[in-house]
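Throughout, read-outs are computed from the coordinates displayed, never taken from laboratory work. Every value quoted in this text rests on a predicted model; they were computed, and no experiment measured them. Backbone-built Cβ (ideal geometry, glycine too); neighbour counts: all protein chains shown.
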């Protein structure tokens, strides 16, 4: 069982479109488990139309709660709260939930132990079924944190589902950028596919995202999406990847058939006779060959070490 994460240094590159199309291709000959690791703004489900089997609460942080029956209104909690989350109200002190960061300073400083740290509901994670296979996804509630922790939890559940289903692949739709959820999605995978667009910001953010992947020792490959909107910058991506020794596996042209597929809640490769399908099919063939070569190299290394 192999794990493939699809990333982009910025939003809007078409990463989720590529993931859905790859899922369609991979599910033809492989048992597949899908993961949406963008828990802040998940959107892979818009194409997969998942049937939710279970919804599980996620408690990612704690919140201070003052027992007003015990509070003597000494004001110590308000003094030590650096987030100004504690305010006096009706002769007692109360905590503003949206301002509390769960640091527990007030909990330790309260002289009469009138404050408790209670778990706060931060979001939900879901186990679902799709036409391409099991699907693990989640979302944080507005204003909540610990997205990296939630991504790690979703990936753990995907591993369990993959073992139960004897899956060949786990396909992960990562979040844009280089923050905590990206790191949580990258660690421990076999291959990272970077979806880049030929724009100035796209080239810059691709380079940043590749640095994160390299830091964690994960092999990388690149796919240029909407490659024909700026051929000069597409050529620059090719030059940069050649310099870094990173393979560019496919160039996908811009076409409004992608918008039509999204409107119909389909992977673009599910629509017949369109100019986008062939490059994505070639991308999956290149990914399969790349992973097959890596397995041969690992086997040769193991034999050499023996």
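Summary of values
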{"read-out": "Yes/no for residue 223 being buried (at least 19 other Cβ atoms within 10 Å of the Cβ) and assigned to a strand (DSSP E or B)", "value": "yes"}
{"read-out": "Residue 257 being touching a helix residue (DSSP H, G or I) at 6+ places or on another chain (Cβ under 8 Å) and surrounded by fewer than 19 Cβ atoms within 10 Å (Cβ to Cβ)", "value": "yes"}
{"read-out": "Evaluation of residue 194 against (1) over 21 Å from residue 284 (Cα atoms); (2) not in a helix (DSSP H, G or I) (one fails), failing number", "value": "(1)"}
{"read-out": "One residue from 29, 40, 36 being touching a strand residue (DSSP E or B) at 6+ places or on another chain (Cβ under 8 Å) and surrounded by fewer than 24 Cβ atoms within 10 Å (Cβ to Cβ)", "value": "40"}
{"read-out": "Helices (runs of 4 or more DSSP H) completely within the range 94-191 that count 1 or more residues being surrounded by fewer than 22 Cβ atoms within 10 Å (Cβ to Cβ) and over 12 Å from the mean Cα position of the chain (by Cα)", "value": "105-109, 147-165"}
{"read-out": "Matching residues in the range 97-142 - criterion: being out of contact with any strand residue (DSSP E or B) (no Cβ under 9 Å at 6 or more places or on another chain) and under 14 Å from residue 56 (Cβ atoms)", "value": "none"}
{"read-out": "Residue 94 vs. criteria over 30 Å from residue 277 (Cβ atoms), out of contact with any helix residue (DSSP H, G or I) (no Cβ under 8 Å at 6 or more places or on another chain) and touching a residue at least 24 places away in the same chain (Cβ under 8 Å)", "value": "yes"}
